[in-house]
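Below: one structure, written as structure tokens.
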Amino acid sequence: MTRSTEDNMNAVASETNQMDTDYGKNFKILLPNHQIKELQTILRDKNTNRSDFKFYADRLIRLVIEESLNQLPYSDCSVVTPTGGIYEGLKYQSGNCGVSIVRSGEAMEQGLRDCCRSIRIGKILVESDAETHEAKVVYARFPDDVARRQVLLMYPIMSTGNTVVQAVNVLKEHGVPEKCIILSNLFCTPIAAQMVIQHFPDMKILTSELNPVAPNHFGQKYFGTD
Ligand SMILES: O=P(O)(O)OC[C@H]1O[C@H](OP(=O)(O)OP(=O)(O)O)[C@H](O)[C@@H]1O
């Protein structure tokens with residue numbers, strides 16, 4: 001039996017690691033716990049040095065990536081144990097890929113590779129016009145068969161949501177159905193959540209925090225260009 005992304009989403013949502021929100025069934029927040037709150041606190045603290053920032057950001061990224069992988073399809077399988085028993089388990093299905101939104105989305109690539117060693121990772125670069133603040137896509141590269149894959153779209157900060165909206169539009173132009181995209185995010189504002197959900201109601205979104213203030217220093221500090 002194959003477990004669809006949706007089946008899996010519902011199964012996982014009823015467990016303890018995600019919180020349902022008022023933003024519909026496709027928007028999930030990691031269930032807050034002390035560990036997650038500590039990581040978020042360190043990342044928001046202006047006194048956190050760059051080395052610590054990257055270290056703790058990578059830890060939070062790993063948690064979000066692990067949970068995002070729970071949204072992908074798995075199929076039933078059985079294996080033989082060392083004592084000759086049969087263990088009924090699950091097998092991760094192939095046919096997935098990552099796509100990072102440059103630049104801060106690239107910070108999430110290693111977390112994904114640590115879990116899926118040889119996963120293909122595409123890239124999208126969205127630039128905001130300095131005067132009009134209009135976001136536009138200036139570069140995009142995907143696996144040839146991206147339209148047939150489940151796509152884990154990685155971007156850590158959603159402030160207005162404009163960057164993500166443009167990136168998802170490009171994926172859709174390349175034939176990726178909305179329901180096959182899982183957005184992996186660390187910090188999201190309510191405005192961005194509304195904006196992205198309004199544009200793409202069938203896309204799945206996983207974040208670690210919904211807060212009116214996004215830590216927009218993330219990319220600068222993670223990559224040391226602040
Ligand atoms: O949801 P949006 O309003 O589109 O904003 C998303 C992010 O993009 C901006 O960063 P920046 O342009 O520095 O991108 P980067 O961190 O990826 O380099 C902004 O400071 C947010 O961190």
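Comparing T48, T189, T160 in a Gaussian network model of the chain where C-alpha atoms under 10 Å apart are linked, the largest mean-square fluctuation is found at T48. Comparing Cα centroids, region 49-94 and region 209-226 end up 26 angstrom apart.
Counting Lys +1, Arg +1, Asp -1, Glu -1, what net charge surrounds I101 among other residues with beta carbon under 14 Å of its beta carbon? Before the final figure, lay out the partial values.
On the way: positive: R103, K123, K136, R141; negative: E106, E109, E127.
Around I101, the surrounding residues sum to +1.
Where Lys and Arg each count +1 and Asp and Glu each count -1, what net charge lies around N162 among other residues with Cβ under 13 Å from its Cβ? Spell out each step's value before the answer.
Working: positive: K136; negative: E127, D129, E134.
Summing Lys and Arg as +1 and Asp and Glu as -1 gives -2.
In debye to the nearest 20, how big a dipole does region 3-223 give about its Cα centre with +1 on each Lys and Arg Cβ and -1 on each Asp and Glu Cβ? Write out the running numbers ahead of the final one.
Values: 24 positive and 26 negative charges, 95 e Å.
The calculated dipole for region 3-223 is roughly 460 debye.
Loop-located trypsin sites (Lys or Arg not before Pro) across region 28-132 with a Cβ neighbour count of 12 or fewer within 10 Å are K46, R117, with loop assigned by DSSP. Fewest neighbouring Cβ atoms within 10 Å first, the residues V170, V213, V176 line up as V213, V170, V176. Scalar couplings 3J(HN,Hα) for region 166-175, obtained by applying the Karplus form with A = 6.51, B = -1.76, C = 1.60 to θ = phi - 60°, are 5, 5, 5, 4, 5, 4, 5, 4, 8, x Hz; x denotes Gly and Pro.
Taking one quarter of the surface of the convex hull spanned by the alpha-carbon atoms of the chain gives a direction-averaged projected area of 13.9 nm².
Net charge of the neighbourhood of I119, taken over other residues with C-beta under 11 Å away and scored Lys/Arg +1, Asp/Glu -1, is +2. Taking a virtual spin label 7 Å from the Cα of K179 along the C-beta vector, which residues in region 200-222 bring their backbone nitrogen under 12 Å of it? Answer for region 200-222: 202-204. Backbone phi angles across region 197-211, fed through the Karplus curve with coefficients 6.51, -1.76 and 1.60 (θ = phi - 60°), yield HN-Hα couplings of 5, 4, 6, 9, x, 8, 7, 8, 10, 10, 9, 9, 7, 10, 8 Hz in residue order; Gly and Pro are listed as x.
Extension gain for D22-N169 works out to 50.5 nm (0.36 nm per residue, less the C-alpha to C-alpha distance). Of all stretches in the chain that contain no GluC sites (Glu not before Pro) in a DSSP loop with at most 14 other Cβ atoms within 10 Å, the longest one is 16-130.
Amide H contacts for I181 (H built 1.01 Å from N in the peptide plane; partners 5 or more residues away or on another chain; cut-off under 5 Å): V151, K204.
Simple spin-label estimate for Q220 and K46 gives 1.2 nm between the two label positions (7 Å along the Cα-to-Cβ direction from each Cα). What the phi angles of region 105-115 give under the Karplus curve with 6.51, -1.76 and 1.60, with θ = phi - 60°, is a coupling list of x, 5, 4, 9, 5, 5, x, 6, 5, 5, 9 Hz, glycine and proline written as x.
If the chain between Q35 and K91 were fully stretched, how many nm would it gain, using 0.36 nm times the residue separation less the Cα-Cα distance?
Details: separation 56, 0.36 × 56 = 20.16 nm, distance 2.85 nm.
Here the segment from Q35 to K91 would lengthen by 17.3 nm.
Each reported figure results from applying straightforward, stated rules to the coordinates on display, with no laboratory input. Being a predicted model, the structure only gives us computed values, none of them experimental. Cβ sites come from the backbone with ideal geometry, for glycine too, and all protein chains shown count toward neighbours.
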